[in-house]
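Some notes on the structure that comes next.
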Amino acid sequence: MNVDLTRRSFLKLAGAGAAATTLGAMGFGAAEAATAAHVRAFKLATTTETRNICTYCSVACGIILYSRGDLAAGEKAELVHIEGDADHPTNRGTLCPKGAALKSYVKADTRLTRPRIRRPGSDRFEDISWDEALDRIARAVKDDRDANLVERNAAGTTVNRLTTTGFLAASATTNETAWATWKVVRSLGIVGFDNQARV
Ligand code: SF4
C-alpha cells in the first residue's frame, strides 16, 4: 500500500503521537491522552494557511501563517499562529528564536504599517498613502538619474553608472522577487545595492 505523506503531515502525526505518549508518561489515562492528541491535531483546522518567508534574516526560512476570517467575504483576517514550514528546503520546519517570535512582531503596537514622511523643516513624521510614497520615490529617482547618470568613463567606455542613489532591498524574498529586484536596480545603473540582512 502506498501512503502519500508529506514531511509536514508526518510531523503532525508524529506530534500527535508524541503528545499522547508524553501525557501517558505523566500519569494521565489513555482517554485524556487520546483527547489531547485529538485536540492538538485539529487546533488549527478552521484556519487558512498562507506560506511565506521569515522577514528577519538572509537565511529566509519558510513559514506558515494561520489566520481566521474570510477575506473574500469582507471579513478581517486575524493572524492566530505562525510556525516553520516542514516542507521548506531551507529550514525543514525549524525556526530560530527570532522566527519563532514572529507573531509578536506582526502584532506589535509599535509596528509601522504605513509609509511615513518628515517633510522639509518639520520636526515630526506623518503618515502618507502608499501611492504618494511610491510617486515621491519614483520622482526622486528619475530626477537624480537624469542629473547624475555617468554614461561614459574617462576612457570613453559606456558604463551607465548611477552612484548618487542607493537601494536597500529585503533579503527575505523568494528567488523570483530577488531576481526582479536585481534587474530593476541594475537596469537603472544603481551601483550602491545591498539588503537588510547586513544592517
Ligand atoms: S527563522 Fe531565524 S534563521 Fe530563519 S530567516 Fe528567520 S531570523 Fe533567519
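The values are calculated or read from the model by the stated rules, or taken from the named source; none is laboratory data. The model shown is predicted, which means the values in this text are computed figures rather than measured ones. Cβ sites come from the backbone with ideal geometry, for glycine too, and all protein chains shown count toward neighbours.
Data table
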| quantity | calculated |
| --- | --- |
| Out of GLY99, GLY84, GLY62, GLY121, sole residue that is at positive phi and not hydrophobic (A, V, I, L, M, F, W, C) | GLY121 |
| Residue, nearest to the ligand (Cβ to nearest atom), within region 52-64, restricted to residues that are in contact (Cβ under 8 Å) with a residue 24 or more places away in the chain and touching a strand residue (DSSP E or B) at 6+ places or on another chain (Cβ under 6 Å) | CYS54 |
| Residue list for region 38-86, filter: charged (D, E, K, R) and surrounded by fewer than 15 Cβ atoms within 10 Å (Cβ to Cβ) | LYS43, GLU49, ARG51, ASP70, GLU75, LYS76, GLU78 |
| Filter result for ALA101 (within 11 Å of the ligand (Cβ to nearest atom), among the aliphatic types (A, V, I, L, M), loosely packed, with under 15 Cβ neighbours inside 10 Å and outside the structural domain of LEU162 (by TED's automatic domain parsing)) | yes |
| Qualifying residue in region 112-132 (condition: more than 30 Å from SER187 (Cβ to Cβ), within 11 Å of the ligand (Cβ to nearest atom) and without any contact (Cβ under 8 Å) to a residue 12 or more places away in the chain) | no |
| Of all residues in region 107-129 being loosely packed, with under 10 Cβ neighbours inside 10 Å and of a type outside the set (D, E, K, R), the one that is nearest to GLU78 (Cα to Cα) | ALA108 |
| Selection within region 65-98 - within 13 Å of the ligand (Cβ to nearest atom) and touching a Leu at 6+ places or on another chain (Cβ under 7 Å) | ILE82, GLY84, GLY93 |
